[in-house]
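Report on the following structure.
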Amino acid sequence: MDADDSDSVAVVESETEEVSPGRAMRVAAALRAKGGDEFAKPGSIIEVKFVKGESLSLTASRLLALMILAAGGDAWEDKPHRMRKADIRRGHKGNERITDMLQELHRTLFAIDDKSWRGKKATTLFSLISRSREETEEDGGEAGWIEWEFTPDARKLIQASETYAVLNRQAVLGFRSNYALRLYELGALRLHRRQATWRGDMTALRAALGVPPEVYTDFAQLRRKVLEKAKAEIDQLAHFRVEWREIRQGRTVAEIEFRFEPKDAPELIATVDELERHSGGRKQRRDGSVESVSLATPALPTAKSGQAAKAAGATFPTGSIRFGAEELAAIARRSGGGWDIDLIAGGFRSQMGERLEKLRGPKLISAWTGFCEGWVTRRGRAQ
């Protein structure tokens, strides 16, 4: 091979490295192939900063999450992505809100720390979507689609992201506070990083949750209107709980430290039950002001692989999970911190006891995943 050929090979290899997706997109592709309500959102998108004075509304934040879900492992590619309007509306008959949400995503600016062409510190401003197309002529209320493309800056962030949060579609759609949704994403990201805490001053807190600087200027208001409401929703709908510690300088709260703790298996089962219920009365159930009544609502259809469908009716094995329980074993290897997967399985059986015989489908998967994550949080990674 002569010098010219070597140079050509080097260029091809360099270009191949540039377009290879990071871990976030590989996980997103795997979750999409598996089917179900879980999807991966890149950490780089979760941690992107809003331009001062701007933030997304709850409905626009939900739409962005659904866009990430629909795009799956292809979100980093330079191509259009599509989604049914019915998956956004959640029972609303009109489409006016979809138009408003798309326009909000177009005009909202985000910021990332960067460097200029001179190597100096700089801030890059960009939008997340470059264009969108919404069908205005429908053959029936459920037939409409939207189409969009992510901007080059957004695709670059998505492609390079090695960190991600595994989110639940029903939980994302269930939040009634935008601040709760933001904290949910941040907590899910931290748990996957094995970093169970987040700490920042008031400026960082507002930036992380998208709280405008002129809103809730008194910390007592911020605690009551933002933190307490967000905690209540997360504790009810997420696969983890959140607590916070106020760090003071004199009488002033200078910093906040959040701690995210995976729920144990029984708590996760209760969370799955809540997500399957109708959202009506959810606040009352959370506050304990009404008797808890199960009013199951049909879940929106999701594509399931053959393996996922088979797992839906399977119980937890009594022997080793290394053979014949591929999905359970994969979860333990991914979330168990390097511990022996059968050792974790033994702990799971001990905690669940007789309840394990009745545990199947999404409840089993959710409880097992949460137990594996909690195992690492309590014991640390295996040496």
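Here are some notes:
- Flag for Pro266 being farther than 21 Å from Ala367 by Cα and surrounded by fewer than 21 Cβ atoms within 10 Å (Cβ to Cβ): no
- Among the numbered conditions (1) in contact with a strand residue (DSSP E or B) (Cβ under 9 Å, 6 or more places away or on another chain); (2) open to solvent by 20 Å² or more (accessible area, probe 1.4 Å), the only one that Phe260 does not meet is (2).
- Taking the criterion of being modelled with pLDDT of 80 or more, open to solvent by 70 Å² or more (accessible area, probe 1.4 Å) and of a type in the set (A, V, I, L, M), the only residue of the range 1-55 that qualifies is Ala33.
- Residues that are more than 30 Å from Val272 (Cβ to Cβ) and assigned to a helix (DSSP H, G or I), drawn from the range 206-234: Arg206, Ala207, Phe219, Ala220, Gln221, Leu222
- You will find that of Gln236, Gln249, Gln221, the residue that is under 30 Å from Glu354 (Cα atoms) and without any contact (Cβ under 8 Å) to a residue 60 or more places away in the chain is Gln236 and no other.
- Of all residues making up the range 60-78, the number that are assigned to a helix (DSSP H, G or I), of a type in the set (A, V, I, L, M, F, W, C) and in contact (Cβ under 8 Å) with a residue 60 or more places away in the chain: 6
- All positions within the range 201-213 that are more than 30 Å from Phe371 (Cβ to Cβ) and in contact (Cβ under 8 Å) with a residue 24 or more places away in the chain: Asp201, Met202, Leu205, Ala207, Gly210, Val211, Pro212, Pro213
- Single residue of Thr124, Thr136 found to be of a type in the set (Ser, Thr, Tyr), over 23 Å from Val51 (Cα atoms) and either at pLDDT below 90 or open to solvent by 10 Å² or more (accessible area, probe 1.4 Å) (or both): Thr136
- Scan of the range 237-255 for residues that are more than 16 Å from the chain's Cα centre (by Cα) and under 30 Å from Ala367 (Cβ atoms), ordered by number: Glu243, Trp244, Arg245
- Filter pass, Glu77 being at pLDDT 90 or above and open to solvent by 30 Å² or more (accessible area, probe 1.4 Å): yes
- Matching helices (runs of 4 or more DSSP H) fully within the range 271-383 where at least 3 residues are at pLDDT below 80 and open to solvent by 70 Å² or more (accessible area, probe 1.4 Å): 282-287, 361-379
- Of all residues in the range 167-202, exactly one satisfies the criterion of being open to solvent by less than 20 Å² (accessible area, probe 1.4 Å), in a strand (DSSP E or B) and within 20 Å of Ala71 (Cβ to Cβ), namely Leu167.
- Close pairs (7 angstrom Cβ cut-off, 6 or more residues apart or separate chains): touching a residue at least 24 places away in the same chain (Cβ under 8 Å) and in a helix (DSSP H, G or I) in the range 149-160, crowded, with 19+ Cβ neighbours inside 10 Å and hydroxyl-bearing (Ser, Thr, Tyr) anywhere: Leu157/Ser44; Ile158/Ser44; Ala160/Ser44
- Flag for Lys93 being at pLDDT below 90, within 14 Å of Ala154 (Cβ to Cβ) and open to solvent by 10 Å² or more (accessible area, probe 1.4 Å): no
The values are calculated or read from the model by the stated rules, or taken from the named source; none is laboratory data. A quick note: this is a predicted structure, and the numbers were derived from the prediction, not measured. Cβ sites come from the backbone with ideal geometry, for glycine too, and all protein chains shown count toward neighbours. The protein model used for the area step is the full one, side chains on, heavy atoms only, and it has no ligands, DNA or RNA in it. Shrake-Rupley method; radii C 1.70, N 1.55, O 1.52, S 1.80 Å.
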